[in-house]
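The values are calculated or read from the model by the stated rules, or taken from the named source; none is laboratory data. If you're wondering where the values come from, they're calculated on a predicted model, not measured in any experiment. Glycine also receives a Cβ, built like all others from the backbone with ideal geometry; neighbour counts cover every protein chain displayed. All accessible areas refer to the heavy atoms of the entire protein, side chains included, with ligands and DNA or RNA removed. Shrake-Rupley method; radii C 1.70, N 1.55, O 1.52, S 1.80 Å.
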Amino acid sequence: MACIIALIVFSIMGLFSATHRQLAREAFDCVFRRVTFRPCNTGFKEKIRGRIIGKLLKRSVALAKFSNKYFEVFAWIFFLLTVASTGYTIKGGYNFYRYGSCNGLNQGGFCAFDPTGKNNATSSVADGSCPIKQPTTKDLTLSAVDLELFQSKKADSKNDLVFVGCYSCDYTRKAYPVVKKLLEKENINYTFIHFSVKNENENFPLYVYAASKIDQEKYWRLNDLFFEASKEDLQSQEKIDKMVIKVGYDLQVIKDEAQKETTKQAVQKQIEEIRKTHIYGTPTVFINGRSIVGPKPYRVYKLMLR
Amino acid sequence: MNDSSIQSNFPTLNKRKSIEEFVYFDNACTTLRPKSVINAMNKYYEEYSVCGERSLHKLGKMVSDKVHETRSLVARLIDARKEEIVFTRNTTESINFVAYSIDWKKGDVVLTSDKEHNSNLLPWIRLSAKLGTVHAVVKSDSNGSIDLLYLKELLEKYNGKVKLVAVTLSSNLDGITNPVLEIARLGHRYGALILVDAAQGLPHQSVSVKKFDVDFLAFSGHKMLGPSGTGVLYGKKKLLEEFEPFMIGGGTVVKSTYNSYCLENIPERFEAGLQDYAGIIGLGEAVKFIQKVGYKEIARRDLELNKYITDYLCSIERVHIIGANEPEKRGGIISFYVDGADSHMIALMLDEANIMVRSGQLCVHSWFSDKDIQGAIRVSAYFYNTLEEAEYFTKTLSNILKAV
């Protein structure tokens, strides 16, 4: 069993050092002999054992004696741990490929392939209130949400994508180009929901709603401009006005529309609808009803499509 | 010379701050080199690294003089004549030289002991396969040295067919020295030539080829403080003169035409190509160092260390010493195996404590196969080892044996 462990360990270490490559070869020879029902008489196991027990001996004779006595047991334990950890590694690799996180869809925790956890990072939507129960991934849903209240592009597709994001949020801004690329390459029914979780210009949501109501086509261009602009620009009324004018809106018409009571009520209604999704951070993307929280690599979104 | 003055000559030993950092007990494999040997070799490379024995310029002459000096030193060391000393790369090459040079006939017999190093076994096995010679093994007696009665029996059995008796002077397996004088007398009586593998013996005891009356004697420089890649074959002048060099070329001829050549005198005719001058010069310094320490002192220190370690090992039931229990019969070598413990494993555990020993079948696989012993640990001391080191070894081994 020690030879198998050694083969795995030295094979990995052998990628970086010639000395370990030689040891890996010896371990392989030993393992090969075993699997071909021949005795492993290369002395490799004894060498490994000698080195390990020799090191322990420097610390404690009793520890060395104990380790030597149960060496085979330890080897088996390490073998099983190695098998288990290999299984977890493969599963983690698959999860990372499939969901952008080693731990599964929308699951946090350490991931060697994404050590900083950037694929799961979100801007929290917590508003300071103390809910009885914190929402989790399982709570995320679109079932009770009236999507008709939001801006969408119908493409007569079997795939639906709902992007809940915030113009001023870093992670939404990171996810947006990826989602946009997906929309350009694939035929998808698309709904975008702006959910302001940062301190933005107070008129901003009203402008957004007004713009979408007045001219859908210009709205999507304005939407792109908001994501291209810096976060500081989105704080400035003057800069927002310039962007509105740039895409061809009449600024006064937008301002007038934004000031209407009906607009304010509509925006409020949208916020209430968004709360029904139980999202806890942006971006949250729903593809065919399945939620994906955080900015994921392109492949993750693509694999969710039918 | 006391311990510290001896050790101060060895840079490898000088580097350590305490013995726990480095204890070298693998001298039967190769010894450490004294500063004088290293300096002599460096001096050659730094000051006169040119061709010897063919270039007549001043530097060339310096090299030739040094080579001649070493040849003389080696000749004096073994009580031979200068022209009987052939420089080789090592003992193995020297023995193969003899194996290739003797005019073998089918049915000729080679006798060896049962504890020969592969270097003094494999050439004879191959010879039997290629030329139809016969290789027979003389068993050791209860003391571990060659059984003279059995040798006589075989000499009689093959009645004049034994062309060569090739034996080790001291076994690298257990350090036991064979009675070469008696072997040579007996062998010569039956018309056999005598080849002695002195690789392990010469570093520890004085040898007189005249007194022993051996025909060939082979040894290596690296086992007696000299550089690696240096070896010597002594051969009786009249025998060497009969030998056809198995390698010829530069340095081996007086002159040549397009279709003939005239060989140099011995020993140069056997030293083809440019020689390892630095190594040969280093070997000369090694011989000087050994003579300075003296074989008497070497033997005294061998015995002191061997006795200390043997006494400890004999007190442990699981430990079996290979060869005679009496340390005085084993030079600087103590080979042993432990019931229920692998020799490599123990050697590596010793290595973790920075004690370097040899383990396994020690290039004497034939003996281990015959005895069905898996391997052994060989502790081999030399005159620069100390009792303090032996104490550290026994203390460490004691802990190891508690653990395994």
Scanning segment B:225-244 for residues that are without any contact (Cβ under 8 Å) to a residue 60 or more places away in the chain and not acidic (Asp, Glu), the one nearest to B:SER119 (Cα to Cα) turns out to be B:LEU239
Taking segment A:234-266 and keeping residues of a type in the set (Val, Ile, Thr) and either closer than 27 Å to A:THR137 by Cβ or without any contact (Cβ under 8 Å) to a residue 24 or more places away in the chain (or both) leaves A:ILE245, A:THR262
Going through segment B:316-343 in order, the residues found to be away from chain A (no Cβ under 14 Å), out of contact with any helix residue (DSSP H, G or I) (no Cβ under 7 Å at 6 or more places or on another chain) and free of Cβ contacts under 8 Å to residues at least 60 places away in the same chain are B:GLU317, B:HIS320, B:GLU326, B:ASP339
Condition set assigned to a strand (DSSP E or B) and of a type in the set (A, V, I, L, M), scope segment B:152-170, selection surrounded by the most Cβ atoms within 10 Å (Cβ to Cβ): answer is B:VAL165
For segment B:262-308, the count of residues that are more than 22 Å from the chain's Cα centre (by Cα) and outside any helix (DSSP H, G or I) equals 8
Exercise. Would you check if B:ASP213 is acidic (Asp, Glu), in contact (Cβ under 8 Å) with a residue 12 or more places away in the chain and open to solvent by 10 Å² or more (accessible area, probe 1.4 Å)?
Key: yes
Only unsatisfied item for B:SER359, checking (1) in a helix (DSSP H, G or I); (2) free of Cβ contacts under 8 Å to residues at least 60 places away in the same chain, is (1)
Within segment B:171-192, residues part of a loop (DSSP other than H, G, I, E, B) and within 18 Å of B:GLU326 (Cβ to Cβ) come out as B:SER171, B:LEU173, B:ASP174, B:GLY175, B:ILE176, B:ASN178, B:PRO179
Among residues of segment B:350-376 being open to solvent by less than 10 Å² (accessible area, probe 1.4 Å), farther than 17 Å from B:GLN200 by Cα and not small (Gly, Ala, Ser), the residue farthest from the other protein chains (Cβ to nearest Cβ) is B:PHE368
Check: For B:LEU195, are the conditions met, namely being farther than 19 Å from B:SER366 by Cα and in contact with an Asp or Glu (Cβ under 8 Å, 6 or more places away or on another chain)?
Finding: yes
Would you confirm whether any residue within segment B:383-392 is out of contact with any Leu (no Cβ under 7 Å at 6 or more places or on another chain), within 14 Å of chain A (Cβ to nearest Cβ), of a type outside the set (Ser, Thr, Tyr) and part of a helix (DSSP H, G or I)?
no
Segment A:1-106: helices (runs of 4 or more DSSP H) wholly inside it with 1 or more residues that are more than 10 Å from chain B (Cβ to nearest Cβ), in contact with a Cys (Cβ under 9 Å, 6 or more places away or on another chain) and surrounded by 13 or more Cβ atoms within 10 Å (Cβ to Cβ) are A:2-14, A:18-35, A:71-99
Note on B:SER142: of the conditions (1) open to solvent by less than 60 Å² (accessible area, probe 1.4 Å); (2) in a loop (DSSP other than H, G, I, E, B), unmet is (1)
Is it the case that some residue within segment B:40-57 is under 19 Å from B:ALA390 (Cβ atoms) and of a type in the set (D, E, K, R)? no
Report yes if some residue within segment B:207-221 is part of a loop (DSSP other than H, G, I, E, B), touching a helix residue (DSSP H, G or I) at 6+ places or on another chain (Cβ under 7 Å) and acidic (Asp, Glu); otherwise report no. yes
Per the list (1) within 13 Å of chain A (Cβ to nearest Cβ); (2) open to solvent by less than 10 Å² (accessible area, probe 1.4 Å), residue check on B:ASN399 breaks on (2)
